[in-house]
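Here the structure is laid out as structure tokens; the discussion comes afterwards.
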Amino acid sequence: MNEYDHKEIESKWQQRWAEEKLYESKEDSDKPKSYVLDMFPYPSGEGLHVGHPKGYIATDVYSRMKRMQGHNVLHPMGWDAFGLPAENFAIKHKVHPREAVEKNIATFKKQLSHIGFDYDWTREINTTDPEYYKWTQWIFLKLFEKGLAYESYEPINWCPSCQTGLANEDLNADGTCERCDSQVEKKPMRQWVLKIRDYADRLLEDLESIGEWPEHIKEQQRNWIGRSEGAEIDFRLTFSIKPEHSDTYDQDGKPPHVCVFTTRPDTIYGATYLVLAPEHPWVRAVWDTPYDDVVENKNEVAAYVKQAQAKTEMERTAENKEKTGVKLEGIAAIHPITKEEIPVYVADYVLVNYGTGAIMAVPDIDERDAAFAKALDAPVATTKLVSFEEALTASGGTKKVQYRIQDWVFS
């Protein structure tokens, strides 16, 4: 019996499939349609790694099944070829980025073809092709014209080694970069952002129309969107040392305020302190004129902020995590109803990308606030509950809807 020669057999049939255009989708077919889309790889390495076929094999199995069921299948492949990963590869190997990208794409395509995936290569996409990116630029201009694209100063996961922003999925469990193992930090950057939040309610409503999705996946999507009904309430600030600059105060002569979002305005009488996220704009402001003389422990606060920025969101919000923080010495907030002064803290369990990045702490009601109060010896008071409307009237707050989903950083 002859030995099985997989190279010869696979080469023969892959050539036959290509000649017969077996995997090309037809424009005028009467068959039911199936669209199978893979995540396009970055051509920023010299070849595929095991993670690529691990995902592509699953979609290949699914698309072949649909073909066997009589569907007209569109299964394309392309290259996410722009961006710093490709540029860093070119810098490392001292070649022009276009040359590096073209060479890597050729290698990737050859490897994918050897594996035998059922891609329709007539639909191949390369994001560095002007015939492709002219349309992404056109889409962006249309979004800008409609007010759905805007510039903002957003904190992102920044790798100082790769010199690029990273998604949460690009981080190792310990908060390091999955590419180079460098410690990732939260770094505010000026950038373009798309108003995904404007469509949050539409996303929630349309989940109900997707019949094929498992219910637990829909629930994950609902949690990701994270719609919350509550109120925004302003807490005026007061300083032990009055800022020298008159422009730190409003036109009516009042000092600045911190706006908090809460789903429980009925507990406002139990609010005994404020907590700001380390990335909160007001925390950044205390290092800049005109507020650089109001915080008495700036070095301590700066050290804590730097420490917090090295943690992942999952680490910061873990339920069993020991609460940490630092008090802003020299600053207090005025309770909008009782008019009493309450302390202001910076703590990493508050996230800047939810609500306003600031909370009123009610340790008598909220377990996280209670744990924080115990750890830092913050004040606690018995909470007198009132109605939602009564709390809004007394505090001057306004009804608001907030979402956990964030506007999308366009980078």
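The values are calculated or read from the model by the stated rules, or taken from the named source; none is laboratory data. Bear in mind the structure is a predicted one, so any value in this text is a computation, not a measurement. Neighbour counts are summed over all protein chains in view; Cβ atoms, including those assigned to glycine, are modelled from backbone coordinates with ideal geometry. The accessibility values were calculated without ligands, DNA or RNA, using every heavy atom of the protein model including side chains. Shrake-Rupley method; radii C 1.70, N 1.55, O 1.52, S 1.80 Å.
With n ≥ 4 as the cut-off for DSSP H runs, can you work out [θ] at 222 nm for the chain, using -39500 (n - 2.57) per run divided by the number of residues, rounded to the nearest 500?
Details: 12 runs with 136 residues, N = 411.
It lands at -10000 deg cm²/dmol.
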Between 0 and 90°, nearest 10: helix 130-145 axis offset from the chain longest Cα axis: 30 degrees
Specify whether the C-alpha gyration tensor of the range 76-156 places it in the rounded, prolate or oblate class, a ≥ b ≥ c being the square roots of the eigenvalues: rounded for a/c under 1.5, otherwise prolate if a/b is larger than b/c and oblate if not. oblate
Which shape class applies to the range 19-115: rounded if a/c is under 1.5, otherwise prolate when a/b exceeds b/c and oblate if not, where a ≥ b ≥ c are the square roots of the Cα gyration tensor eigenvalues? prolate
Using a probe radius of 1.4 Å on heavy atoms only, what accessible surface per residue do you get for the range 72-209? Whole Å² is fine. 59 Å²
Positive end of the charge dipole of the chain (Lys, Arg +1 and Asp, Glu -1 on Cβ, about the Cα centre): tell me which of Leu74, Val50, Tyr269 has its Cα farthest that way. Leu74
Under the Debye formula (equal points on every Cα, no solvent term), log10 I(q)/I(0) of the chain at q = 0.12 Å⁻¹: -1.11
Computed for the range 82-148: size of charge dipole around the Cα centre, +1 on C-beta of each Lys and Arg, -1 on C-beta of each Asp and Glu, debye to nearest 20, value 200 debye
Given the chain, what percent of its DSSP beta bridges are antiparallel, to the nearest 5? 85 percent
Under a straight-distance cross-link criterion of Cα-Cα below 21 Å, which lysines are reachable from Lys92, leaving out those fewer than 8 residues away in the same chain? Lys103
Sort Glu124, Glu178 by accessible area with a 1.4 Å probe, largest first. Glu178, Glu124
Leaving ligands, DNA and RNA out of it, work out the accessible area of Met65 with a 1.4 Å probe and give it in Å² to the nearest 10. 80 Å²
Report the FRET efficiency, 1/(1 + (r/R0)^6), for Ala285 and Arg236, where r is their Cβ-Cβ distance and R0 is 22 Å, rounded to 0.05. 0.90
FRET efficiency (Glu390, Ala173; Cβ distance; R0 30 Å; to 0.05) is 0.10
Excluding same-chain residues fewer than 8 positions from Lys311, which aspartates and glutamates have a Cα within less than 16 Å of its Cα? Glu169, Asp170, Asp174, Glu178, Asp181, Glu185, Glu279, Glu319, Glu322, Asp348
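Which whole-number percentage describes the relative contact order of the range 286-411, with Cα contacts under 8 Å and a sequence gap of 6 or more?
19 percent
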Could you work out how far helix 298-309 tilts from the main Cα principal axis of the chain, as a 0 to 90 degree angle to the nearest 10? 30 degrees
Between Lys103 and Glu329, what is the FRET efficiency for a Förster distance of 60 Å, r being their Cβ-Cβ separation, to the nearest 0.05? 0.55
Loop sites only, by DSSP: take the chymotrypsin sites (Phe, Trp or Tyr not before Pro) in the chain that have at most 14 other C-beta atoms within 10 Å and name the longest stretch containing none of them. 5-248
Structure shown: which of Lys306/Lys374; Lys7/Lys109; Lys26/Lys109 lie over 19 Å apart, alpha-carbon to alpha-carbon? Lys306/Lys374; Lys26/Lys109
For Lys400, go through the aspartates and glutamates and keep the ones whose alpha-carbon is under 17 Å away, minus same-chain ones fewer than eight residues off. Asp198, Asp201, Glu229, Glu232, Asp234, Asp266, Glu389, Glu390
Within the range 367-406, backbone nitrogen closer than 14 Å to the virtual label 7 Å beyond the Cα of Thr263 toward Cβ: 367-368, 400-405
If you average the sequence gap of Cα pairs under 8 Å that are 6 or more apart and divide by the length of the chain, what percent do you get for the contact order? 16 percent
Using unit Cβ charges (K, R positive; D, E negative) and no other charged atoms, how large, in debye to the nearest 20, is the dipole of the chain about its Cα centre? 480 debye
Looking only at Cβ-Cβ distances, which cysteines of the chain have no other cysteine closer than 4.7 Å? Cys180, Cys259
Calculate the dipole size of the range 261-411 relative to its Cα centre from +1 charges on Lys and Arg beta carbons and -1 charges on Asp and Glu beta carbons; express the result in debye to the nearest 20. 280 debye
Which listed residue (Pro278, Gln307, Leu237) has the Cα farthest towards the positive end of the charge dipole for the range 177-335, taking +1 on Lys and Arg C-beta and -1 on Asp and Glu C-beta about the Cα centre? Gln307
